[in-house]
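This report refers to the structure that appears directly beneath it.
Read-outs throughout are calculated quantities, based only on the coordinates presented, and are distinct from any laboratory measurement. What you see is a predicted model, and the numbers here were worked out from it, not measured in a lab. Note: ideal-geometry Cβ built from the backbone for every residue, glycine included; neighbour counts use all protein chains shown.
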Amino acid sequence: MRYNPNDPCPCTSGKKYKKCCRRYHQGMKVPTPEALVRARFGAYAIGLTDYLIDTLHPDHEDQKLSETKIRAQVDAYSIRNTFLKCDIVSAEDDKVTYRAFIMAFHQDPLVYTEDAVFAQHDNKWYYLSGETHVLDEDEIEAFVAEAEQSADDTNES
């Protein structure tokens, strides 16, 4: 899929794609695990299956699958969802916790957090593993209320 370099980056950083993840999607080395989270989120959003497969660590559990099966899984996840927003909650060393907002099957809001672990191989960062937690409706409502309160507090300042 071609993506306009002047459009907002699909990683939702607020930067233009050409000033953000495009360089990583085109092969530039990703400097940090946090940048890799954003680049992978953006890759899902615009269907860059090769990039997503190429950034899996050799020890990632999916590497045991055939390339055809990995590709089918990545394609299916990317195609059936709309990727709306990625918020980095924390980033330290090889661990990044982020919150993703997607529309599952393009209609059902879904919010999850992932505690992702990255590792270097041949001096490059790769996605190694992660634990996800899908927020239930009550957690989503509480999160939205907290975000709205925070926005109100900021506007009053």
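Values for this structure:
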{"read-out": "Qualifying lysines (Cα of each under 29 Å from Cα of residue 15; at least 8 residues distant if same chain)", "value": "29, 85, 95, 124"}
{"read-out": "Region 1-109: chymotrypsin sites (Phe, Trp or Tyr not before Pro) in DSSP coil with no more than 12 other Cβ atoms inside 10 Å", "value": "105"}
{"read-out": "13 Å Cα-Cα reach of residue 16 towards aspartates and glutamates, excluding residues that sit fewer than 8 places from it in its own chain", "value": "7"}
{"read-out": "Ranking of 9, 86 by count of other Cβ atoms within 10 Å, fewest first", "value": "86, 9"}
{"read-out": "Cα long-axis angle, helix 67-80 against the chain (0 to 90 degrees, to the nearest 10)", "value": "20"}
{"read-out": "Residues 37, 89, sorted so that the one with the fewest Cβ neighbours within 10 Å comes first", "value": "89, 37"}
